[in-house]
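Undergrad: Below: one structure in structure tokens.
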Amino acid sequence: MRIMFAVATYWPFQDGVSQVTRYLAEGLAKKGHEVLVYTGTGNLKAHNLARREVHEGVEIVRIDVFVRWPLTIRGRNRESTPRAYFEKVRDWKPDVLIAVCAQTWPLDWLVPYLDRIACKKVFFSHGYSHLQKHYRIREELHNRNVLGAWIEYRKKRYYGTLYRVVGKFDLALYLLEENNACRYAKHHGLQNGKVLENAVEDVFFSDRMRHEKREKREICFLYVANYNENKNQGMVLQAFVKASMDKASLVFVGSQENAYLERLRREAGAGREGCPDAGQAIRIPGKGEKQVIFCVGLTRQEIYERYQKADVFVCGSRSENAPIVHREAAAAGMAVVSTPVGSVEKMDGILIVQDAGQMCAAMERLSAHREEVYERGERLRQYILQKKCRIPDKVDWLENQLRLLACAGGGNSCNDVLERV
């Protein structure tokens, strides 16, 4: 089959959407399918990325798009427009087109052309981060924030009609049945959906990644996520700075430099001695020996090494749908401390916190009780081992679904009920 993925970011970006799309695309390519990934260079317009290349058997074509959703999605050149996107689909002639995520150009630019695309179409949602029960239009107007009111209105209008767009796809994939995108589909009576949960790379299940009992004075906390307000690294940093621990380190791993990361560095105290380079430690003043390290642009191998060296995975995110990093940490047998996002509270052994105060208390507790770190890690590992979440399982399932679509003689080929894999 000829399979085309349209996704805002892809390898070498390390965000969750990029990682999931990558293992599916590469897995399908290894099974003999012709796979094209049509993607972007990110808002920072990474000039060092080739516009066309082949990686692990997957053809990659990159365009330049600036996204400030819901205000604007704008191509930066003639090759980066809705029309050029449609023409790429038309000329490449895929058997199946997979548009990944709402609230960005792979779906939104496609809407005017959906009825003109002959191949089977799949929408792969990673959740609707701006879907709300109440939109603060009146409140923003009351505060004389016209731009804020306009943003809220655009969100409301978008989700007021999105179900019609999703209904035009032959198949819609969701990460969790509890996912807000899946609930939205059910609410609007859509019947083209199935659930494809996130997978975990085999390396995290390997013996070299498995965390055993560690008798050492220092404890290391790790947070892998893009630097932004939603991921809320600031809350985790605040908790770490306040925590009373003899010797501890906090490592943040993100894809790119940005203003939010600069603010985090200032909050960590880097401004006293100038701003260190990425990866250099910033010592936290006060009792005990504590340091913070901000990493940017690590390779996947370097990220694996960070997981190996850390003791506890932490997450302060405000909202997630099906975060893969929690599963990666669990597969490696790490203890996990997290805010209650993306149904992670169902993971046996996870330590759930609501705010910086509780995060601080959890850090102090695990630093003082290393046996609990090991016990929670073991419980999480056993939990994840019981679930079918290895990459080959997901690739096989998706391949089967795409074959069914490609062979269908027309009409909607999806079952009326959600299937879980």
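The values are calculated or read from the model by the stated rules, or taken from the named source; none is laboratory data. For clarity, every value in this text was computed on a predicted model and none was experimentally measured. Cβ coordinates were reconstructed from backbone atoms using ideal geometry, including for glycine residues, and neighbour counts include every protein chain displayed. The protein model used for the area step is the full one, side chains on, heavy atoms only, and it has no ligands, DNA or RNA in it. Shrake-Rupley method; radii C 1.70, N 1.55, O 1.52, S 1.80 Å.
Undergrad: For the structure I just gave you, tell me whether VAL195 is within 30 Å of ALA335 (Cβ to Cβ), in contact with a strand residue (DSSP E or B) (Cβ under 7 Å, 6 or more places away or on another chain) and in contact (Cβ under 8 Å) with a residue 60 or more places away in the chain.
TA: On the way: within 30 Å of ALA335 (Cβ to Cβ): yes; in contact with a strand residue (DSSP E or B) (Cβ under 7 Å, 6 or more places away or on another chain): yes; in contact (Cβ under 8 Å) with a residue 60 or more places away in the chain: yes.
Criteria met by VAL195.
Undergrad: Take region 32-91 and flag every residue that is of a type in the set (Asp, Glu) and either free of Cβ contacts under 8 Å to residues at least 12 places away in the same chain or touching a Leu at 6+ places or on another chain (Cβ under 8 Å) (or both). It would help to see each step written out before you state the result.
TA: Initial filter on region 32-91 (of a type in the set (Asp, Glu)): 34, 53, 56, 59, 64, 79, 87, 91.
GLU53, GLU59, GLU87, ASP91, listed by residue number.
Undergrad: Is it the case that LEU107 is touching a Lys or Arg at 6+ places or on another chain (Cβ under 6 Å) and within 25 Å of ASN400 (Cα to Cα)? Full working, then the answer.
TA: Working: touching a Lys or Arg at 6+ places or on another chain (Cβ under 6 Å): no; within 25 Å of ASN400 (Cα to Cα): yes.
No, not satisfied.
Undergrad: Out of all the residues in region 263-273, is one or more in a loop (DSSP other than H, G, I, E, B) and either within 30 Å of PHE123 (Cα to Cα) or touching a residue at least 60 places away in the same chain (Cβ under 8 Å) (or both)?
TA: Of the residues in region 263-273, the ones in a loop (DSSP other than H, G, I, E, B) are 269, 273.
Among the residues that remain, those that are also either within 30 Å of PHE123 (Cα to Cα) or touching a residue at least 60 places away in the same chain (Cβ under 8 Å) (or both) are: none.
Within region 263-273 (the criterion being in a loop (DSSP other than H, G, I, E, B) and either within 30 Å of PHE123 (Cα to Cα) or touching a residue at least 60 places away in the same chain (Cβ under 8 Å) (or both)), the answer is no, since none of the residues qualifies.
Undergrad: Hey, among GLU302, GLU345, GLU364, which residue is touching a residue at least 60 places away in the same chain (Cβ under 8 Å), of a type in the set (Asp, Glu) and open to solvent by 20 Å² or more (accessible area, probe 1.4 Å)?
TA: Of GLU302, GLU345, GLU364, the one residue that is touching a residue at least 60 places away in the same chain (Cβ under 8 Å), of a type in the set (Asp, Glu) and open to solvent by 20 Å² or more (accessible area, probe 1.4 Å) is GLU364.
Undergrad: Mind checking which pairs have a first residue in region 122-143 that is closer than 23 Å to ALA25 by Cα and a second that is surrounded by 18 or more Cβ atoms within 10 Å (Cβ to Cβ) and β-branched (Val, Ile, Thr), Cβ under 7 Å, 6 or more apart or different chains?
TA: Going by the 7 Å Cβ cut-off, the qualifying pairs are VAL122/VAL96; VAL122/ILE98; PHE123/VAL166; PHE124/ILE98; PHE124/VAL100; HIS126/VAL17.
Undergrad: If I go through region 195-207 residue by residue, how many of them are surrounded by fewer than 20 Cβ atoms within 10 Å (Cβ to Cβ) and more than 19 Å from GLN382 (Cβ to Cβ)?
TA: 1
Undergrad: Show me the helices (runs of 4 or more DSSP H) entirely contained within region 303-396 in which 2 or more residues are under 23 Å from VAL17 (Cα atoms) and among the aliphatic types (A, V, I, L, M). Full working, then the answer.
TA: Numbers: elements: 324-331, 356-368, 370-385.
Correct list: 324-331, 370-385.
Per-residue answers, yes or no, for (1) more than 18 Å from GLU218 (Cβ to Cβ); (2) among the hydrophobic types (A, V, I, L, M, F, W, C); (3) at pLDDT 90 or above; (4) over 21 Å from the mean Cα position of the chain (by Cα):
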| site | (1), (2), (3), (4) |
| --- | --- |
| GLN256 | yes, no, no, no |
| ARG263 | yes, no, yes, yes |
| GLU267 | yes, no, yes, yes |
| GLY271 | yes, no, no, yes |
| ALA278 | yes, yes, no, yes |
| PHE294 | yes, yes, yes, no |
| TYR304 | yes, no, yes, no |
| LYS309 | no, no, yes, yes |
| SER319 | yes, no, no, no |
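Undergrad: Is there a residue in region 11-31 that is among the β-branched types (Val, Ile, Thr), part of a strand (DSSP E or B) and modelled with pLDDT of 95 or more? Walk me through how you get there before you give the answer.
TA: Going through region 11-31, the residues among the β-branched types (Val, Ile, Thr) turn out to be 17, 20-21.
Going one step further and asking which of them are part of a strand (DSSP E or B), we end up with none.
No, region 11-31 contains no residue that is among the β-branched types (Val, Ile, Thr), part of a strand (DSSP E or B) and modelled with pLDDT of 95 or more.
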